[in-house]
Amino acid sequence: ADIHLSPDGKFLYASQRGNSTIQIFSVNKTDGSISYVASQSTMGSFPRNFSIHPSGNFLIAGNQNSNNAVVFRVNKKTGLLTETGQQISIGKPVCHVWLKKQFLANEDTFFTIRLFCIPDIVLPGISHGSTTGCQRLCHTN
């Protein structure tokens, strides 16, 4: 379904739509081989897409059939995922994009997550707020 490498290259994550899980593998940096670590429920049904925050601290999974997106904290030492309690109801989330924003006042940078739905065509920069468009779910400093 979907597969992503953690930003530090230590872990590989793969979603399985049939059992609504994310499979976690460690990556051997010497030879590139992978080893199974664990399986994590996506806390919904049919994970259509997931993405990892550029910091590597969070993973968000969009569950198409249960109409929800769930945020997990990533343990950078073990690769394991822990549900944060942040969840949003959204119609058939199918794509997540982390958008970097710059504040001119203090030069701090944070990321927001945009969730895209079917059949909507949503472009970055469109204001968020309804479940039929983009939604800002979380941000980190």
- Within region 11-22, residues being closer than 16 Å to residue 76 by Cα and surrounded by fewer than 17 Cβ atoms within 10 Å (Cβ to Cβ) number 0
- Query: Any idea how many residues of region 26-45 are over 14 Å from the mean Cα position of the chain (by Cα) and in contact (Cβ under 8 Å) with a residue 24 or more places away in the chain?
  - Reply: 4
- Task: Select from region 33-65 the residues that are farther than 16 Å from residue 79 by Cβ and open to solvent by 50 Å² or more (accessible area, probe 1.4 Å) and list them in ascending order.
- Result: 43, 46, 48, 54, 65
- Note on the structure: Of the residues in region 73-87, those that are within 17 Å of residue 8 (Cα to Cα) and either without any contact (Cβ under 8 Å) to a residue 24 or more places away in the chain or open to solvent by less than 10 Å² (accessible area, probe 1.4 Å) (or both) come to 73, 75, 77, 79
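For residue 76, indicate whether it is modelled with pLDDT of 95 or more and among the basic types (Lys, Arg). Working first, answer last.
Working: modelled with pLDDT of 95 or more: yes; among the basic types (Lys, Arg): yes.
Taking the combined requirement at face value, the residue satisfies it.
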- Task: Select from region 1-16 the residues that are without any contact (Cβ under 8 Å) to a residue 40 or more places away in the chain and over 19 Å from residue 55 (Cβ atoms) and list them in ascending order.
- Result: 3, 14, 16
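The values are calculated or read from the model by the stated rules, or taken from the named source; none is laboratory data. A quick note: this is a predicted structure, and the numbers were derived from the prediction, not measured. Don't worry about glycine lacking a Cβ; one is built from the backbone with ideal geometry, like all the others, and counts go over all protein chains shown. For the accessible areas, the whole protein counts, side chains as well, though only heavy atoms, and no ligand, DNA or RNA atoms are used. Shrake-Rupley method; radii C 1.70, N 1.55, O 1.52, S 1.80 Å.
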